[in-house]
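Here is the structure we will look at, set down as structure tokens.
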Amino acid sequence: MKLPAKIKVGGLDFRVEAWAQPSARGSQRFGEFSAAEELIRVQVADRSPMFVLEVLLHEIVHAIWWVGGLRNGDDEERCAQVMGPAWAQIFRDNPELVAFIQDSVRG
């Protein structure tokens with residue numbers, strides 16, 4: 001399973017890396033987003049395609065949250081106003097991600 005090399009969110013490109021299993025286990029997470037490193041890490045070893053896809057999408061939500069300037073306490077409508085256009089832009093500007101999603105759901 002080949003992760004997309006990068007994901008564009010807004011005007012920023014975040015690198016995507018397979019996360020080494022020992023590091024992921026040590027942190028007790030399956031993925032992480034780092035704005036400081038402009039990086040999304042996802043554990044792929046011994047994981048199903050749908051599991052990896054779910055983790056990748058989860059981490060992209062963190063990127064949208066950060067790029068969109070969302071804050072704890074923002075109401076549902078504010079979150080939807082940021083998330084809707086962000087996902088539309090992500091799907092438009094990231095054909096590798098769209099192909100990855102299609103491959104993952106096909107199994």
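The values are calculated or read from the model by the stated rules, or taken from the named source; none is laboratory data. The structure displayed is predicted, hence computed values, not measured ones. Cβ atoms come from the backbone with ideal geometry, glycine included; neighbour counts cover every protein chain shown.
Please give the helices (runs of 4 or more DSSP H) falling wholly within segment 44-107 in which 1 or more residues are farther than 20 Å from residue 8 by Cβ and modelled with pLDDT of 95 or more.
Values: elements: 49-67, 76-93, 95-106.
It comes to 49-67, 76-93.
Within segment 69-88, does at least one residue satisfy the condition of being under 20 Å from residue 3 (Cβ atoms) and of a type in the set (Val, Ile, Thr)?
Initially, segment 69-88 is screened for residues under 20 Å from residue 3 (Cβ atoms), giving 86-87.
Cutting the leftovers down to of a type in the set (Val, Ile, Thr) gives us none.
Looking for residues that are under 20 Å from residue 3 (Cβ atoms) and of a type in the set (Val, Ile, Thr), one finds none in segment 69-88, hence no.
Among the residues of segment 19-43, how many are out of contact with any Asp or Glu (no Cβ under 8 Å at 6 or more places or on another chain) and either within 25 Å of residue 82 (Cβ to Cβ) or modelled with pLDDT of 95 or more (or both)?
The first filter runs over segment 19-43 and keeps only residues out of contact with any Asp or Glu (no Cβ under 8 Å at 6 or more places or on another chain), leaving 20, 22-30, 34-37, 43.
Now drop any that are not either within 25 Å of residue 82 (Cβ to Cβ) or modelled with pLDDT of 95 or more (or both), which leaves 29-30, 34-37.
Total meeting the criteria: 6.
Quickly run through segment 65-99 and pick out the residues that are hydrophobic (A, V, I, L, M, F, W, C) and touching a Gly at 6+ places or on another chain (Cβ under 8 Å). Show your work before the answer.
First, pick out the residues of segment 65-99 that are hydrophobic (A, V, I, L, M, F, W, C): 65-67, 70, 79-80, 82-83, 86-88, 90-91, 97-99.
Passing the criteria: 67, 82, 83, 86.
Looking at segment 1-43, which of its residues are among the aromatic types (Phe, Trp, Tyr) and in a strand (DSSP E or B)? Show your work before the answer.
Keep residues of segment 1-43 that are among the aromatic types (Phe, Trp, Tyr), which gives 14, 19, 30, 33.
Within segment 1-43, 14, 33 meet the criteria.
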